[in-house]
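*Asks:* Attaching a single structure in structure tokens format; questions to follow.
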Amino acid sequence: QKEVEQNSGPLSVPEGAIASLNCTYSDRGSQSFFWYRQYSGKSPELIMFIYSNGDKEDGRFTAQLNKASQYVSLLIRDSQPSDSATYLCAVIDGGYQKVTFGTGTKLQVIP
Amino acid sequence: DTAVSQTPKYLVTQMGNDKSIKCEQNLGHDTMYWYKQDSKKFLKIMFSYNNKELIINETVPNRFSPKSPDKAHLNLHINSLELGDSAVYFCASSPRGEKLFFGSGTQLSVL
């Protein structure tokens, strides 16, 4: 069973701090890695994707990938209360192009 | 215009009934999916179609039957509904089976 694991949280950070969200995956053949944000009662929306080892930055968001450790993370700088949501890590395997989601980490940004 | 639209948004029904959820995307994507999100927010893939052809069929009871009349539409029919089917069902589409664009979800409640 190929798995994607995340700490369910809640992760609480003060406004303006850096939020660090982590994800590990079991399938070494995984090719592509994504972070989705889901507000309560809404559908998931894609916020970051990363394919290669290293960091990828987009505004206040940075995705980090370490394939050797099978680890992907999302950093949110200058966290805002509007960032409070559940963050879902998703991984595409190298075979059937199936997108497997983690269980999500709930982030709470305290004003 | 809504990119991925699914109807209905809410579905309340009795055990044993048969119901359908419809999904349409106007993004021109080749791949469409059905995901089920349980009360713990875990998103689990059910089915995936590429250009009307079924490519992913996870371990789902055969009471669930997807149908794709064309690549812009993917419907889900559920026979003999059970209490455990209560969940939010998300339709999604994707170009080349990677980044997912989700519909707004259908909250199914089986009484």
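*Asks:* Taking B:Ile55 and the conditions (1) in contact (Cβ under 8 Å) with a residue 40 or more places away in the chain; (2) closer than 23 Å to B:Thr31 by Cβ; (3) in a strand (DSSP E or B), which numbered condition does it fall short on, given that it satisfies the others?
*Replies:* Status for B:Ile55: all satisfied but (1).
*Asks:* Consider the stretch B:60-111. How many of its residues are hydroxyl-bearing (Ser, Thr, Tyr), crowded, with 16+ Cβ neighbours inside 10 Å and farther than 14 Å from B:Phe47 by Cβ?
*Replies:* Residues that pass the stated criteria total 3.
*Asks:* Can you name every residue in the stretch B:38-57 that is more than 10 Å from every other protein chain (Cβ to nearest Cβ) and out of contact with any strand residue (DSSP E or B) (no Cβ under 7 Å at 6 or more places or on another chain)?
*Replies:* Residues satisfying the conditions are B:Ser39, B:Asn51, B:Glu53.
*Asks:* Being within 30 Å of B:Lys9 (Cβ to Cβ), polar (S, T, N, Q) and within 12 Å of chain B (Cβ to nearest Cβ) narrows it down to one of A:Ser43, A:Ser32, A:Ser82, so name that one.
*Replies:* So the residue among A:Ser43, A:Ser32, A:Ser82 that is within 30 Å of B:Lys9 (Cβ to Cβ), polar (S, T, N, Q) and within 12 Å of chain B (Cβ to nearest Cβ) is A:Ser43.
*Asks:* If you don't mind, another one. Of the conditions (1) closer than 22 Å to B:Glu58 by Cβ; (2) of a type in the set (D, E, K, R); (3) crowded, with 19+ Cβ neighbours inside 10 Å, B:Asp30 clears all except one; give me its number.
*Replies:* (3)
*Asks:* Determine whether A:Asp27 is without any contact (Cβ under 8 Å) to a residue 24 or more places away in the chain, on the phi < 0 side of the Ramachandran plot and either more than 11 Å from every other protein chain (Cβ to nearest Cβ) or surrounded by fewer than 21 Cβ atoms within 10 Å (Cβ to Cβ) (or both).
*Replies:* no
*Asks:* Find the residue count for the stretch B:58-103, including only residues that are outside any strand (DSSP E or B), within 14 Å of another protein chain (Cβ to nearest Cβ) and over 11 Å from the mean Cα position of the chain (by Cα).
*Replies:* Residues in the stretch B:58-103 being outside any strand (DSSP E or B), within 14 Å of another protein chain (Cβ to nearest Cβ) and over 11 Å from the mean Cα position of the chain (by Cα): 9 in total.
*Asks:* Continuing with the same structure: Return the residue satisfying two criteria in turn: it lies in the stretch A:3-19 and is outside any loop (DSSP other than H, G, I, E, B) and exposed (fewer than 15 other Cβ atoms within 10 Å of the Cβ), and of such residues it is nearest to the other protein chains (Cβ to nearest Cβ).
*Replies:* In this case the residue turns out to be A:Glu5.
Every number in this text was worked out from the coordinates using simple rules, so none of it is lab data. From a predicted model like this one, the values you see are computed outputs, not experimental measurements. Virtual Cβ from ideal backbone geometry, glycine too; neighbours counted across all protein chains shown.
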